[in-house]
Structures are given as C-alpha cells and as structure tokens.
Amino acid sequence: MKKISPLPVIINIARDRLFLCTHTLTDPVVFPFTPTMISDLEIKDKNELDAKLGEFMQKTQIKPSPLVIILAEHIYFHKDFPKVAPPAEEETQKFIDSVPFSNVSSKLFHTPDGYRLVVINRDIYEIFEQVFDRLGFQLHSVVPGFVLGAINAPAEFSAQTCRIIYKKLDFLSDNSFTTPFTNAGDLHRKEQVFIQKYKISLAIISSAFIIFSAVMAYITLFRPQAIPRKKALPAASVLSVPSPVPATPTPTASPSAQALGQITVQVLNGSGVAGLAASVEAQLKLAGFTTVRTGNAPLINSGPSYMVLRPDLPPAVKALLTSVVQKVFPSLSVRENVDTLYDVILTTGKVNP
C-alpha cells in the first residue's frame, strides 16, 4: 500500500449526522444535522451547514489532511444486475433517470454476484467537499458504504472501522466515485482478471512443471546407488567415542523489522512531564517500532501507566513492547482491547523516582 502523509481524516455521512475520525482520536466524534440543514437527502440550507460545520471543525483543531468520505448505505440508491457482463447503458440510464435528484453521480461496481449501480445526490458530498476544501483538506476518495464489506469493516461506523480503512486506503481509492470504472476497481480480486487473461499460458506452465517433477522423481528413485565399502581398521586402532554435546535450546524468533514497522503505536503523555512521550517514542523506535505517534492525555499522575494492545498481535511483539516500556515504567499495567484505532496505545502516568 502506498503511504499517505499525513493520514487522512475519515468522515461517514449518515442521514441525520456526520461521524469523523482521525488516527489521533480514540473514538469517532459526531456532528448532528438539523432538519433545516439536510432533510430527505437534500441540502435545505447550504449556508447554515457550511457555517456550523466550519465551526465544528475549528473546535476539533484537526490539521488539514487528505479527506475520505464514506456514504452510509441509506443515503444513496442502488440496483443490482446479476450478470456476467456489465449491463447495457440503456439499463443503467433508466435507473439513473428514476432517482429523484437533479444533480446525481453514478458508478458501476463489480461484485461477487454481478454488478451494482450506485447513484447519489451529488450535492450531498460536494457541499462537504467544499467546506473541507475551504479549511485546507483535499479529497482523497468518496466511497459508498457497502464497499466497506469487501474489506471486512464493521457495518456500524466505529473506531474499528476507521482502523481497517487506514490499512486499505488504496482499495478505497480504486473504488471511489472519483475513479472511473475499471477492472482495477472491481470488488473481485485482481488475481481473477489475471487468471482469465493468461489461463492458457498458466496451463502450459503448470503441465510442464508436473512433467519435470515426475522425471526428477523417477531419476531419484531408480538410478543405481553406489554401495560404500567399509574400510578395515588397523589391529591396534581404538575407536574414540566423542562425548555427547548438550543440545542448545532454539531461541524464540524475534520479530522482523518489517513486522515491527507495520505495528501502529500511539503514545499519550498523561504524566504532566514535558517531553516524556517523545522520550518513550525514541525508545520504541530504537527497538524497531517505526510507526509511532505522540499526543497528550488528561493527567493521570495518581495512577500507573497503562498499555492497551490489540489481541491479535504476535506474542513476540507483545513481549518486546512490554520489555521496552517497562524499562521506563516498571509498574506498567497491560490489557487488551479489539476496538482501538492503533495496534498499541500507551498512556503514561506517574514516573517512578
């Protein structure tokens, strides 16, 4: 996946509210719509929406970054075509004309069951794009919510949804309304396209490999084997039996640099000691964790530091993390939680003297 810097802000537009998450927020924040702003999927008061949303973004103090817009499933129209080939233009245009909006955008998606035509009220996302553009955000992608099912993201928008989206940004870009329909944008795996295109060549290569394997097996099994002759020992020779060498226990494999580089870590300074998060960040990077971000948390000087881990982290990674952090915080407490934006979240507490 191509790295995007800085990481995008993700917004989910629902019928009556907007959810927003970033890599620094533990949970999505909510911006509610009033009936005078948006009603029945139409913009009622563009100026009010522009002003209120602008105030909301200024309060969050989120810096400008790329913008990913997710459209909830109940705010767009769709029609499925269970066909092997894409539907005719007349079929798709007939459905597009039936959508009760004057300014629409549409896109055809290839799904495991055929094709899905999605039509949206273009004004819905353009107004949000304009507000965020005015604040310095640049559009990365606009994606209908059903696409998230292809990356196993939860249907209900949550911190877990955002965490998965950050790992699949290229996929969202391929399936954006701003990207023309191509095989690269299919919800089918690209491998299926490759196999269909080169199936004859692949069959020839596969057959040649089977024949080669059979020949090599025949040669190995039936070629004559030379029988080694035993050398006679001189009469005065004495066989020396070496002492047994104790077996060396196999060490536990350490995580690779590549594996550590894929672990996302957030360090939140809740100690009140300036620069502590940066100091811990330096220790983690020396240990091989390169994706580390820092921030501040409410002061927790009365309690120990604690670390929240994703349950599916490899045991070797968990052990390395704990050993590095406990050098700074010996009384560190560790727990696991599946619903986090980061693989690891460390919140620093009181520093032991």
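The values are calculated or read from the model by the stated rules, or taken from the named source; none is laboratory data. All values derive from a computational prediction rather than experimental measurement. Don't worry about glycine lacking a Cβ; one is built from the backbone with ideal geometry, like all the others, and counts go over all protein chains shown.
In table form, for the structure just shown:
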| read-out | value |
| --- | --- |
| Failed criterion for Lys168 (all others in (1) under 30 Å from Lys52 (Cβ atoms); (2) among the basic types (Lys, Arg); (3) surrounded by 13 or more Cβ atoms within 10 Å (Cβ to Cβ) hold) | (1) |
| Check on Lys44, outside the structural domain of Asn296 (by TED's automatic domain parsing) and either touching a residue at least 12 places away in the same chain (Cβ under 8 Å) or more than 30 Å from Pro112 (Cα to Cα) (or both) | yes |
| Qualifying positions in the stretch 305-337 - closer than 16 Å to Ala277 by Cβ and surrounded by 14 or more Cβ atoms within 10 Å (Cβ to Cβ) | Ser305, Tyr306, Met307, Val308, Leu321, Val324, Val325, Val328, Phe329, Leu332 |
| Qualifying residue in the stretch 39-52 (condition: of a type outside the set (Ser, Thr, Tyr), at positive phi and surrounded by 15 or more Cβ atoms within 10 Å (Cβ to Cβ)) | yes |
| Sole exception among (1) under 29 Å from the mean Cα position of the chain (by Cα); (2) more than 26 Å from Asp174 (Cα to Cα) for Glu48, by number | (1) |
| Residue within the stretch 299-317 that is modelled with pLDDT under 60, farther than 22 Å from Pro6 by Cα and either among the β-branched types (Val, Ile, Thr) or within 23 Å of the chain's Cα centre (by Cα) (or both) present | yes |
| Pair list, Cβ under 8 Å, 6 or more apart: the stretch 163-179 residue closer than 21 Å to Glu129 by Cβ, other residue among the charged types (D, E, K, R) | Leu169/Lys2; Asp170/Lys2; Phe177/Lys107 |
| Filter pass, Val118 being hydrophobic (A, V, I, L, M, F, W, C) and either outside the structural domain of Gln93 (by TED's automatic domain parsing) or in contact with a Lys or Arg (Cβ under 6 Å, 6 or more places away or on another chain) (or both) | yes |
| Residue count, the stretch 77-99 (criterion: at pLDDT below 90 and closer than 26 Å to Phe128 by Cα) | 1 |
| Any hit, the stretch 81-95, residues being touching a Gly at 6+ places or on another chain (Cβ under 8 Å), surrounded by 15 or more Cβ atoms within 10 Å (Cβ to Cβ) and hydrophobic (A, V, I, L, M, F, W, C) | yes |
| When residues of the stretch 15-27 are limited to those that are assigned to a loop (DSSP other than H, G, I, E, B) and out of contact with any helix residue (DSSP H, G or I) (no Cβ under 7 Å at 6 or more places or on another chain), the one farthest from Glu156 (Cα to Cα) | Thr24 |
| Residue count for the stretch 136-165, restricted to those that are surrounded by fewer than 16 Cβ atoms within 10 Å (Cβ to Cβ), of a type in the set (A, V, I, L, M, F, W, C) and over 15 Å from the mean Cα position of the chain (by Cα) | 1 |
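For (1) touching a Cys at 6+ places or on another chain (Cβ under 6 Å); (2) of a type outside the set (A, V, I, L, M); (3) modelled with pLDDT under 70; (4) not assigned by TED's automatic domain parsing to the domain that holds Val68, each residue gets a yes or a no:
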site	(1), (2), (3), (4)
Glu126	no, yes, no, no
His140	no, yes, no, no
Val143	no, no, no, no
Gly149	no, yes, no, no
Gln196	no, yes, yes, yes
Ile219	no, no, yes, yes
Arg223	no, yes, yes, yes
Ile227	no, no, yes, yes
Leu233	no, no, yes, yes
